[in-house]
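Since every read-out is calculated from the coordinates, none of them should be taken as a lab result. This structure is a prediction, so every number in the text was calculated from the model and none was measured. Here the Cβ is made from the backbone with ideal geometry for all residues, glycine too, and neighbour counts use every protein chain on show.
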Amino acid sequence: MRKSPITRRRLLAAGFVGTAAAAALAGCGETQIVEKEVVKVVTQEVPVERVVTQIVEKAKVVEKEVPVEVQKVVTQIVEKETIVEKEKIVEKVVTAAPMAPKAVTIEVSFPANNPANIDYIKNTVNARFMAANPHITVESETVPWGEWSPKLRTRLAADEAPDVFLNDEIIMPGYVARGAILALDEFAKRDAEQIANVPMLDRGMDNRTGKRYGLSRNAIGTAMTYNARMLEEAGIEPAPLNSPWTWDEYLENVRVLTFDTSGRHPGDAGFDLDNVEQWGAYLRDNWVTQIVPTVYQNDGEIIDAQARNSTFNLAETEAGLKWRNDLMYVHMVAPDPDETAAIESGGYHAPLINGRAAMYEHLLGQESHWPDPASLDFEIGSMVGLSGTRPSNSFFSHQMHVAKSSAHPEEAWMYMVFQVTDEQSALEIYTKADYGLPANTKLWTPSALGARSQYPTSIDPWLHELDQGWMNGLGTNVAWVEWYVAWRAEYQESSFNRRPISESVVKMQEESQKVLDRVFKDLQLE
Amino acid sequence: MQVRGSGGAAAASAGPVNPLRGLRQFLGRNIIQEQLWGLLLMLPYLINLLLFTAGPIIAAFLISFTNYDLIRRPEWLGFENYTLGATDKQTIAAFKNTGYYVLWYVPSSMIISLLLAIGLNERIRGITFYRTLFFLPVVASGVATALLWRFIFNKRGVLNWVLDLFGLDAVQWLGFEMALNSIIIMSVWQGLGILMMYWLAGLQGVPQHLYEAAEIDGGGRWAKFRHVTVPMLTPFVLLLMILGVIGSFQVFTASYIITGGGPGYATLTLALQIYRMGFENFRMGYAAALAYMMFLAVFIVTMIQWWAQKYWVHYE
């Protein structure tokens with residue numbers, strides 16, 4: 001079939017029609033609704049009686065005092081009123097319903113290893129938030145902790161950062177110094193009342209800038225956990241909440257709790273270190289929260305208040321670390337790192353469960369990794385940490401952040417606030433999602449936290465330490481991971497008993513300070 | 001009927017024909033067409049090569065001269081990252097550990113796998129089963145096997161249990177002194193299967209008549225191996241050495257999973273150091289510089305191997 005050619009005239013005509021159509025369509029845009037209403041009032045004639053008194057002048061002739069009867073006429077006028085209504089136009093302005101908030105989608109990305117946690121965040125908390133804020137859609141992503149950091153950083157590099165993300169508090173300053181996260185002071189000031197029960201909000205403060213960059217979602221601290229049967233068999237009473245054991249008391253007790261296969265204790269003649277049946281103390285040297293408590297207990301620090309200089313060269317710090325190492329190599333009440341790795345091969349909580357260790361400074365968090373009480377024939381108890389020169393333990397939090405590049409910071413902030421203020425969500429983040437204590441202190445009561453299905457059944461020691469201010473926050477800084485790796489490598493030379501702690505602390509100070517100096521220079525922070 | 005090749009009126013009227021000219025035209029057009037088609041078919045690969053291989057290589061080279069933390073704009077540093085790489089305690093430890101690993105892993109894995117291949121080249125009962133058995137670690141997940149070996153190296157693990165059976169003292173397999181050796185042991189175990197397959201291919205490619213000739217000359221088993229098998233396998237030795245060196249410079253999974261580079265820096269390898277610097281410490285520029293330093297080291301070693309082949313590799 002032959003097609004008719006497109007002539008210039010046809011083209012122009014088509015263009016004209018198209019333009020007209022576009023104009024007409026453009027006229028159909030969104031307008032304010034002004035409704036003209038013609039109100040026609042229909043009335044019925046209703047007789048209305050009105051009494052009108054007619055006053056008529058009367059001539060009064062008084063000639064004699066003979067009364068003359070005069071007829072008085074009273075006229076009654078019945079007024080018939082006809083109301084003629086004119087049609088009048090009443091303009092009624094109908095105000096449209098308030099404009100619905102613009103639909104927004106935010107992306108939240110959290111690290112998590114536990115599948116129950118992942119499901120919980122995705123299915124429950126987000127659904128609850130979206131029900132409360134129908135105009136906000138939450139798209140969430142959970143990444144295993146091991147892959148978290150590289151993934152987040154590559155997303156930041158690609159300018160595709162999630163609106164909200166979670167991080168360890170200790171690495172926050174590094175992100176702040178690089179301008180990756182948004183300062184939240186204005187939001188926090190505006191909603192101060194709402195987040196008043198989140199005292200750990202201060203953990204989201206950046207020491208260097210003095211601004212808030214994070215909203216705490218949880219608290220993770222250490223307390224002393226123990227195998228109750230072992231303590232009972234040794235006739236040892238756990239320390240009461242208000243009176244932590246001193247180092248000396250602890251040493252005395254763990255010595256009793258440590259014995260070899262022949263039942264001899266450290267210090268006894270013939271004690272066989274290679275065949276220890278049960279260790280009283282148990283130390284880990286591969287995570288900072290378990291390395292530094294003795295430093296804090298001895299009034300030491302690992303970094304100064306300005307987070308600029310390492311402080312491993314402080315006498316108190318060195319003495320704290322020395323006391324720790326002495327538990328392994330002088331008092332022989334704790335396994336060395338090699339033995340520790342062997343004991344722990346059954347998992348993070350294994351030392352208490354497999355009957356190899358009696359006491360263990362343990363993090364509250366990752367609750368689902370603990371065994372069900374019904375699966376054990378003994379209790380795992382908990383008590384407050386130790387006191388060298390002061391009662392102390394280590395503590396850190398997870399912070400929620402808004403990416404600086406977020407297109408929806410307001411909604412991102414709303415989401416974060418919801419997680420800590422919606423009591424059910426905040427509580428379940430603790431009980432179901434394994435993130436340590438909820439940030440909301442209103443929930444820090446045994447009744448609110450509810451019966452735990454896993455060990456430790458009593459978390460009072462953790463709450464008590466927090467209440468008493470015995471929890472010492474880990475010193476954060478702009479180069480945290482690199483700084484930590486640098487000093488830990490040097491510390492391990494002494495925790496593996498290859499050199500004395502006095503030599504190690506010199507190296508720890510030197511190597512970690514080098515990292516800080518370089519990073520401050522790189523970031524031009526001075 | 002016109003007879004082919006006899007010409008005809010039309011051909012005669014067109015004047016003399018140069019048969020080569022038409023052929024050239026035909027061939028020329030075809031060659032161009034073929035080249036175009038060839039290029040077109042290669043295009044997806046070329047695009048991939050340019051965008052995802054050459055691009056990152058060039059980008060990494062440029063980044064290696066900068067201070068780049070993935071968040072802020074890169075800042076030009078010149079050779080600072082390279083000079084730091086030569087003086088930084090951690091990186092020096094990583095280079096030393098990697099060198100040690102290469103020196104021990106490559107020869108030991110090649111020798112053990114060759115012996116294994118010779119054994120499995122015989123006609124013995126259940127040969128397929130044994131070959132499969134030795135090849136299994138190759139197809140197993142690197143992370144899973146590393147976790148498995150962590151348990152084996154445990155102070156209370158299988159290895160020390162075996163030592164104990166023989167009345168020997170337990171070894172700190174993952175302590176400062178032994179940790180890197182333990183990683184080499186694990187890597188050798190894991191790499192045996194694939195090396196064995198290469199060797200088997202090589203062994204089965206040795207011409208039988210050479211063995212027969214050696215037998216006629218009175219050569220025994222050892223003489224045949226020494227004077228026939230080994231020379232004939234030298235091209236394989238070269239290939240496996242080059243691949244082994246390149247691969248072992250990149251060792252990562254074992255040290256990342258089993259020891260995390262520790263204790264101290266005892267098992268910190270170059271690849272792990274690059275990963276840590278780039279993805280844990282915001283130091284992409286430094287990581288890129290380390291990657292190029294590693295490349296340079298691999299390149300130099302490979303060139304030496306390539307150059308030295310004329311002295312010992314026998315091509316038939």
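Tabulated data for the structure shown
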item: Gyration tensor (alpha-carbon) shape descriptor, the range B:125-190, a/c threshold 1.5; result: oblate
item: Dimensions in Å of chain B - Rg and Dmax from alpha carbons; result: 28.8, 105
item: Peptide A:172-182 - average C-beta neighbours from other chains (10 Å radius); result: 2
item: C-alpha center-to-center spacing [the range A:119-186, the range B:181-207] in angstrom; result: 46 Å
item: Average partner coverage of B:68-76, which counts Cβ from other chains inside 10 Å; result: 5
item: Distance from the range A:208-247 to the range A:267-285 (C-alpha centre basis), Å; result: 23 Å
item: HN-Hα J in Hz across the range A:295-312 - Karplus 6.51, -1.76, 1.60, θ = phi - 60°, x for Gly and Pro; result: 5, 5, 5, 9, 6, x, 9, 10, 8, 6, 5, 7, 6, 10, 10, 5, 10, 6
item: Flagged links, alpha-carbon separation over 30 Å, of A:211/A:514; A:322/A:521; A:122/A:521; result: A:322/A:521; A:122/A:521
item: Amide proton proximity set for residue B:313, modelled H, under 5 Å, gap of 5+; result: none
item: Highest average packing first - B:249-262, A:239-252, Cβ atoms within 10 Å; result: B:249-262, A:239-252
item: Positive-pole candidate from B:90, B:261, B:120, dipole of the range B:80-312, charges at beta carbon; result: B:120
item: Built amide H within the under 5 Å cut-off of residue A:143, gap 5+; result: A:110, A:112
item: Placed amide H near residue A:357: partners under 5 Å, 5+ positions off or other chain; result: A:279
item: Cβ-placed point charges (K, R +1; D, E -1), dipole of the range B:80-312 about Cα centre in debye, nearest 20; result: 200 debye
item: Inter-chain Cβ neighbour average for residues B:275-284, partner chain, 10 Å; result: 6
item: Residue-wise HN-Hα coupling along the range B:106-112, computed from phi with Karplus coefficients 6.51, -1.76, 1.60 (Hz; x: Gly, Pro); result: 4, x, 5, 5, 5, 5, 5
item: Whole-angstrom gap from the range B:49-108 to the range A:308-323, using each part's C-alpha centre; result: 34 Å
